[in-house]
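Data block below; observations after.
Each value in this text was obtained by applying a stated rule to the coordinates, not by laboratory testing. From a predicted model like this one, the values you see are computed outputs, not experimental measurements. Don't worry about glycine lacking a Cβ; one is built from the backbone with ideal geometry, like all the others, and counts go over all protein chains shown.
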Amino acid sequence: MRIHPSILSADFANLEAELGRIADADSVHVDIMDNHFVPNLTLGLPVVQRLQQVSPIPLDVHLMIADPDRWAPGYAEAGAASVTFHAEAARAPVRLARELRSLGARAGVALRPATPVEPWLDLLAEMDLLLVMTVEPGFGGQAFLDVMLPKLRRARAAIDGSGAAVALQVDGGVTAETIVAAADAGADVFVAGSSVYGADDAASVIADLRRAAGGC
Ligand code: DX5
Ligand code: ZN
């Protein structure tokens, strides 16, 4: 059970200090939005390169951008531990995942709520991480979509059946309450933005999330 706080909900004027608040977590989730694939704009490669230099924990990059085939490899070259691109945006997902792996990153595929998981199950061996979005991507602070739980269960069954070592990540609306259902449905990596950064004591929320997910 791994907890990845999202710096989307952090103070963007103090990112190094904000990384220090979550040093107990397993990785930091970095949301890249381009105002095309999603209707929001966050940060890009130069900022990620600096985060990589100062972060006490590995970077888990979530690319909510158009044309990841062109842009994703740069994040792997920057040293991100994992680089996740959206299934809906990639033109050649197998080629891109192989390129990310060859650059030393773990390759992730993300699915919007309306994107079925089934067409991707034959590609599990090509990925290290499958991200089932539990909100419509673009903004923090939205409510967890319970209707994604059956999709998570089907993904978990397929991963177990495949024998591939693929992490099953959930992102969106994860709190100490909703994480219980997500873990029960088979998720093992949990992104949490507002629930962690909205708290005074981020470390204690991370510990609560880990406990609620059954990981300690
Ligand atoms: C949403 C982002 C999420 C976001 C989650 O599009 O991908 O990573 O930071 O924020 P919360 O946990 O507040 O839903
Ligand atoms: Zn995200």
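Phi angles across the range 62-68 convert, under the Karplus curve 6.51 cos²θ - 1.76 cosθ + 1.60 with θ = phi - 60°, into 3J(HN,Hα) values of 10, 8, 9, 9, 6, 6, x Hz, Gly and Pro given as x.
Think of each Lys and Arg Cβ as +1 and each Asp and Glu Cβ as -1; about the Cα centre, that makes the dipole of the range 9-136 roughly 280 debye. Positive end of the dipole of the range 72-204 (Cβ unit charges, origin at the Cα centre): among Leu168, Phe85, Ala143, the Cα lying farthest that way belongs to Phe85. In order along the range 80-89, the phi-based Karplus estimate (6.51 cos²θ - 1.76 cosθ + 1.60, θ = phi - 60°) of 3J(HN,Hα) comes to 4, 5, 9, 10, 10, 10, 8, 4, 6, 9 Hz; Gly and Pro are listed as x. For Leu131, nonlocal amide neighbours, meaning residues 5 or more places apart or on other chains whose placed amide H falls under 5 Å from its own, are Val109, Ala110, Leu111, Gln169.
In the range 12-111 the Cα-Cα distances spread across 10 Å bins starting at 0 as 17, 50, 29, 4 percent of all pairs. The slack in the chain from Val47 to Ala17, taken as 0.36 nm per residue of separation less the alpha-carbon distance, amounts to 9.4 nm.
Put the Cα centre of the range 87-162 next to the Cα centre of the range 7-57 and the gap is 21 Å. For the range 145-167, the residues whose backbone nitrogen is under 19 Å from a point 7 Å from the Cα of Glu118, taken along Cα to Cβ, are 147-162.
Taken about its Cα centre, the range 144-216 carries a charge dipole of roughly 340 debye when the Cβ of each Lys and Arg holds +1 and the Cβ of each Asp and Glu holds -1.
Mean sequence separation of contacting Cα pairs (under 8 Å, at least six apart), scaled by the length of the chain, corresponds to a relative contact order of 21 percent.
Spherically averaged projected area of the convex hull of Cα atoms, the chain: 10.4 nm².
Evaluate E = 1/(1 + (r/R0)^6) for Glu88 and Arg153, where r is the Cβ-Cβ distance and R0 equals 25 Å; express this FRET efficiency to the nearest 0.05.
0.70
Taking Glu118, Glu126, Glu18 as the candidate residues, the one with maximal mean-square fluctuation in a Gaussian network model of the chain, Cα springs under 10 Å, is Glu118.
Between the listed residues Gly44, Leu96, Phe12, the Cα displaced farthest toward the positive end of the dipole of the chain, a dipole computed from Cβ unit charges relative to the Cα centre, is found at Leu96.
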